Amino acid sequence: MRPENYQVVSLPNSDEYELFIGPNHPGIEGNYAFKLKLDGDRVISGKADAGYLHRGFEKLMEGRLWIQNLAIVPRICVPDPVPMEVVYSLTVEDIEKTEVPLRAQWIRVMQLELSRIASHLFTFGGHAATTGMYTPSYWGVADRDLALDLFEELTGGRVYHIYNIPGGVRRDIPNGFLDRLSDYLDYLQTRQNDYDNLLFTNQVFVKRARDIGVLNQEQALEWGVTGPNLRATGLAFDVRRDDPYLIYEQLDFDIPVQSAGDCLSRILVRRDELFQSVRILRQIIKHLPSVKGPVRSPIPNPLAWNVAKGESYCRVESSKGELAYYTVSDGGDKPYRVHVRGASSMHAVQVLENMSVGQRIEDVAQIMFSLDACPPEVDR
Amino acid sequence: MKCDEINAWLDALLSEINEIEVTRKSERRVRVDVPASSLPALLELLKGKASYVHLSAISCVDWPGDEEFELVYHCWSYEAKSLLSAHTRIPRNSAEEFAHYVSVYDIYKPAAFFERDIYEMFGVYFESSPYMEKFILTEWNGPPPMRKDFDAEAYVNDTFNWADYHPQWLQDIEEEGGGIAIRPEDIRL
Amino acid sequence: MKKIKYDDLGSVLNPLKNLQFFARKPVTEPLGPRPAAEIYRGFHLNDMEKCIGCSTCQKICDNAAITMVKIPHLKEDPVNGIRNLRPAIDYGRCCWCALCVDICPVGAIELSREYVHTCNGDEVDSYFVLPQEKGMHGTFEEKGWTKTETNDLLDRKRLPMGEMTPDERGDNFDEIVNGFTPEQAILEASRCVQCGMCHDSCPTHMHAPEYIRAIWKGNVEEAVEWMYESNPFSHVCGRVCTHRCESACSLNQAGLPQGSEPIAIRWLKRYAMDAVPHERIKEIAARKKTDQKTGQKIAVIGAGPAGLTAAFDLVKQGHEVQVYEALAKAGGMTRYGIPYYRLPDDMLDRDVDVIVSMGVSIQYNIRIGKDISMEQLHKDYDAVILAIGLQSGRSTRIPGSEHEDVHSAVELLRRIGSVRDDMNTAEDLDFKVPHSAVVIGGGNVAMDIGRSLARYQKQQYNQVNMTITAIDALENFPADDVEIKESLEEGITIIPSRGPQEVVLENGKIKALKTWRVESVFDADGRFAPQYDESDEQLYDVEMVVEAIGQMAEMELLGEQLTEQLEWQRGRLKVAEDGATSVDWLWSAGDCVNGPDVVHAVADGHRVAESINKAFSVQR
């Protein structure tokens, strides 16, 4: 809401007061407001207020050629853009019944996992910052930047890669890329101790995060929570494992689980997941050179490409949870409808509103960040 | 409970509902077409008896030619590892008057988010949904923008101005007798 | 990986372990932009020489960031598919997706590794850039994202056209080309980038982008409607047009990493015309006809493409048109010059029928100058169009060329075409099919007569003994490449770079054709002055010699008085741009003005009709 449109709410005869977190607040990865009603330092109710990042992408996509939308979709989630590109391409391929060459599938998984690492590093920093620790956020962003260097080398872009295309990926990997990826993974593993010391086994942080913002499994299922937040409640559900796409079935990885469902569990799940991604990438580095062949099956001239009539609902596991696109084609050269089911759309709104009730004001920011909500996924 | 058992059970369940059409698209994807009147009952059964406890999304598609909205409820079963998409159609009504349907919030809590979104973007009012108010488009007073009859590009062109550049190189070319020949808005495909 | 248990409380001392960082070497980053990755998507580069101004980049741009700017000093060459438009980028809108690079038909636009640009508020104009080879700031940075075979977005290969094999077609006149099926046509049409180079290069400016798009959408009737905007000979042109459109096609530009074939525009036209029922085509063509009658009368001499196109246009405008044709059927050279296997006569009949159905009246077997004089036409009509084509063949005038078995190609083709519509048997021909023959000339007419005679030879003697020889080197033959290829496939011998010297006669019959090897065709000034190597002499033993070295108009019909009155230029009638002669009631159009080409003749017909229409409206 624009400031000039805001009317001061007076709450007479009580100690209650309103406090706005956001729309610019380090507790969340984007512009997003959370309006609290407080009594002293206890939260009486919280109200999520989205729309600051609404760019009408779903509407825009209906007015653009199938391939032009590739430049839009990564913008829906800045910290973790690759799943957006991949899942959009997957829906189009599903409707068109396009075979994606195996090599392209491996390259896609490589990007997806690298993107997950970048996103989780970002979250570590952000989460720590909400507890007053700023060093991990510098580290997280700096180490994420090294992943962005790799993306730049692979795709030509640091943040918006626009690298996946229905039918595969736009170019093959550059020479020596896998070596540099391998170096990066080595580096990340040497950093594990640093992060553990600084954050995950730092008693100050552990005590601060434990038992805060508890979401039990029953609530999580009732409210449709997915991703690391669900796994932190003890349910080992992961789209990569349970509804596999691309070549995930051929990969060997664990699904990290915690059972307490609090802020600490959530960040520990992410920590373990990051190193599972490292494990996956190691397998890819080993296997990719032996997967020969093209990286793209040709699509028709994009200026005159009528995608077959049909609809497809495809899901991937993004760093935030279950990300899905529902794409409908009426047989035309533009999508008839693209519905983006943002991975954060559950835990950024209703779950957060419910969880904040009864919390203390100093914990709200940590709860927000521990859920790893991505506002542009809500706004689209 | 085994996946096969659930699937068998599901088939038995689905046969109980009138006018239902079931298409198995793949191992993990089922499409169900159901009349609007039977949909809540179907979801009730799916959640209560067939382990489809996770409502992944509700998608809305506008079909002005048919004067209908299509609502798609994507439900996931953690046990059967299968995604069931229940499609239904409701009358569209004109832009001034909202289309109406019932909320499934009492079955699936996540529905509240999607129903509010569809209410805002398409103008479908969900009876007894907890939050039928503005969320994303707080300061928007126009028609529900995701309806096909709202032309976003025309709105943008009417509301905003194109940047008016006139750099030196362009002035030089104009002096030579050339200049801007095709503006981007002239050839949008 | 080290496990951390949830219950592990950790230690307050753990973070202190990171004090070891004081002992590590700090990371130092230099000031200034760091070098970007090899395929970085930075600002645009555009090779101004390579860029053809097709504006395909503008169409794919998903942010409407590209404006096409006309730059007058650059080359504008519609025949070769080059425009002087160049893309200018609005960096307030560009999102560096590089789809423009991936789609560019010629690979001119690329991205650099340069990525820093900033300015003060009053220099906002610096965000609107005309990319050149030197990059955003005039200092070349290395290339970043460029086109490779992998990221090229266009479909470069044309759909193969089904056609008869040389064995199947060698002894008959059935049409060689099968034509597209609907599925093939839609696929082929989908390759088009809608640049409109074809429209610009076409003599009659056919709306090819529009009809290709209509075919792609599956709407063949709309396609036919677009065709009738500019070409009433679409059946004919769909088969035998010289298709300059395809030469100018953006996808036909050289210099691509993977080669590229133009859209089969001619075959698409053929497909759409064949796909719509004939009666429906008539209705579509009649849509633009006015109900009003102007009362003006026009005579057209010659029912070929030029004359009938003019007649079609003039009838549409409400004039009354009478066409006089010396031969028994309409079509001119398209009927009597082009063999059936390239253009079946019933297809030509359909085009003519549409024109007649519009209200054009044609009188056959009337030879102007003999049956009706020009003076009479002048008296009876408000305007006269001379569209007589080039009906007589030129002769080499070498010794022996006056022999009765030395024929002109056009005359021989006319004799063949007059006998049977489908040409398919030599039975009623008024000459004997030679066991062996040689054709002099390297153009399409030479191929037409050579291939026709070869078919009769195959029918009658079961073997082909046909030679085509010309003064040009093979790569300079005026004939279409496909004609040469198919001639060779059909067993015809082609001997290039030979100059005919004499038709050797023996006992009143032809014995052989004598040729010398050509050393050069043109002199230093580019004039036609062939030099021969007399020591390299060849004799071809043949029964018949056919000359196909060019055609002339038969202007005798004008009569002495009118010939005197008219202005001439080097033996040719002097005709203004719009077809008007120096006499105010006489216009001239078609091959007799421009030289042989169907689509040119059609264009000419339109031009003359417009000119006459204008002249009439001035009178009114």
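General remarks:
- Restricting attention to segment C:233-253, the residues being open to solvent by 10 Å² or more (accessible area, probe 1.4 Å), closer than 18 Å to C:G337 by Cα and polar (S, T, N, Q) number 1.
- Residues within segment B:130-165 that are open to solvent by 80 Å² or more (accessible area, probe 1.4 Å), within 14 Å of chain C (Cβ to nearest Cβ) and part of a loop (DSSP other than H, G, I, E, B), tallied: 4
- For segment A:90-107, the criterion of being among the aromatic types (F, W, Y), modelled with pLDDT under 90 and part of a helix (DSSP H, G or I) is met by none of the residues.
- If only residues of segment A:251-273 that are under 26 Å from A:I107 (Cβ atoms) and either at pLDDT below 90 or not in a helix (DSSP H, G or I) (or both) are counted, the one that is farthest from the other protein chains (Cβ to nearest Cβ) is A:L251.
- Within segment C:249-308, the set of residues being free of Cβ contacts under 8 Å to residues at least 40 places away in the same chain and outside any helix (DSSP H, G or I) comprises C:A254, C:P277, C:T290, C:D291, C:Q292, C:K293, C:G295.
- Residue in segment B:37-51 that is within 17 Å of B:L13 (Cβ to Cβ), without any contact (Cβ under 8 Å) to a residue 60 or more places away in the chain, in a loop (DSSP other than H, G, I, E, B) and within 14 Å of chain A (Cβ to nearest Cβ) present: yes
- Selection count, segment B:171-189, where residues are more than 24 Å from A:G332 (Cβ to Cβ) and either among the acidic types (D, E) or more than 7 Å from every other protein chain (Cβ to nearest Cβ) (or both): 5
- Hits in segment C:422-464 - residues which are assigned to a helix (DSSP H, G or I) and charged (D, E, K, R): C:D448, C:R451, C:R455, C:K458
- Top-ranked residue of segment C:119-163 - restricted to ones that are of a type in the set (S, T, N, Q) and assigned to a loop (DSSP other than H, G, I, E, B), ranked as modelled with the highest pLDDT: C:T146
- Filter result for B:Y125 (of a type in the set (F, W, Y), within 12 Å of another protein chain (Cβ to nearest Cβ) and surrounded by 15 or more Cβ atoms within 10 Å (Cβ to Cβ)): no
- All conditions in (1) within 20 Å of C:E133 (Cβ to Cβ); (2) open to solvent by 10 Å² or more (accessible area, probe 1.4 Å); (3) in a loop (DSSP other than H, G, I, E, B) hold for C:G42, with the sole exception of (2).
- Qualifying position, being among the basic types (K, R) and more than 11 Å from chain A (Cβ to nearest Cβ), among C:K50, C:K59: C:K50
- Residue in segment B:93-113 that is nearest to the other protein chains (Cβ to nearest Cβ), counting only those that are more than 16 Å from the chain's Cα centre (by Cα) and among the aliphatic types (A, V, I, L, M): B:I107
- Those residues of segment C:466-475 which are at pLDDT below 90 and either in a helix (DSSP H, G or I) or among the polar types (S, T, N, Q) (or both), in sequence order: C:L474, C:E475
- Across segment A:24-73, the number of residues qualifying as over 25 Å from A:I361 (Cβ atoms) and of a type in the set (D, E, K, R) comes to 5.
- Close pairs (7 angstrom Cβ cut-off, 6 or more residues apart or separate chains): within 21 Å of A:G140 (Cβ to Cβ) and more than 14 Å from chain C (Cβ to nearest Cβ) in segment A:169-185, open to solvent by 20 Å² or more (accessible area, probe 1.4 Å) and among the hydroxyl-bearing types (S, T, Y) anywhere: none
- Complete set of residues in segment A:127-143 that are surrounded by fewer than 24 Cβ atoms within 10 Å (Cβ to Cβ), assigned to a helix (DSSP H, G or I) and not aromatic (F, W, Y): A:A129, A:T135, A:S137, A:G140, A:V141, A:A142, A:D143
- Residue in segment C:515-524 that is closer than 30 Å to C:S436 by Cβ and charged (D, E, K, R) present: yes
- The C-beta contact set for segment B:97-114 (first residue assigned to a strand (DSSP E or B), second residue polar (S, T, N, Q) and open to solvent by 40 Å² or more (accessible area, probe 1.4 Å), distance under 9 angstrom, 6+ apart or interchain) comprises B:A99/B:N93; B:H100/B:N93; B:V102/B:S128.
- The single condition among (1) assigned to a loop (DSSP other than H, G, I, E, B); (2) open to solvent by 30 Å² or more (accessible area, probe 1.4 Å); (3) modelled with pLDDT of 90 or more that A:I162 does not satisfy is (2).
- Residue in segment C:601-619 that is of a type in the set (G, A, S), touching a residue at least 40 places away in the same chain (Cβ under 8 Å) and at positive phi present: no
- Only residues that are within 8 Å of another protein chain (Cβ to nearest Cβ) and either over 17 Å from A:R315 (Cα atoms) or aliphatic (A, V, I, L, M) (or both) were counted across segment B:61-92, and they come to 4.
- Looking only at segment A:221-231, and only at residues there that are in contact with a helix residue (DSSP H, G or I) (Cβ under 9 Å, 6 or more places away or on another chain) and either open to solvent by 10 Å² or more (accessible area, probe 1.4 Å) or under 16 Å from B:A111 (Cβ atoms) (or both), the one that is nearest to the other protein chains (Cβ to nearest Cβ): A:G224
- Those helices (runs of 4 or more DSSP H) lying entirely in segment C:323-417 with at least 1 residues touching a residue at least 40 places away in the same chain (Cβ under 8 Å) and more than 30 Å from C:I471 (Cβ to Cβ): C:345-357, C:374-380
- Filtered residue count, segment A:196-213, keeping only those that are among the hydroxyl-bearing types (S, T, Y) and surrounded by 23 or more Cβ atoms within 10 Å (Cβ to Cβ): 0
- The helices (runs of 4 or more DSSP H) found entirely in segment C:177-238 that carry 3 or more residues being among the charged types (D, E, K, R) and more than 29 Å from C:N84 (Cβ to Cβ) are C:220-228.
- For segment A:78-123, the set of residues classified as farther than 21 Å from A:Y313 by Cα and among the β-branched types (V, I, T) consists of A:V78, A:I107, A:I117, A:T123, listed by residue number.
- The set of residues from segment A:329-378 being buried (at least 24 other Cβ atoms within 10 Å of the Cβ), within 14 Å of A:F34 (Cα to Cα) and either within 11 Å of another protein chain (Cβ to nearest Cβ) or of a type in the set (K, R) (or both) comprises A:H347, A:A348, A:V349, A:V351, A:P375, A:V378.
- Which listed residue is at pLDDT 85 or above and surrounded by fewer than 19 Cβ atoms within 10 Å (Cβ to Cβ), from C:E577, C:E560, C:E564, C:E610: C:E610
The values are calculated or read from the model by the stated rules, or taken from the named source; none is laboratory data. In this text, all values refer to a predicted model and were calculated from it rather than measured experimentally. Note that we place each Cβ from the backbone using ideal geometry, even for glycine, and neighbour counts take in every protein chain shown. The area values use the complete protein model at the heavy-atom level, side chains included, leaving out ligands, DNA and RNA. Shrake-Rupley method; radii C 1.70, N 1.55, O 1.52, S 1.80 Å.
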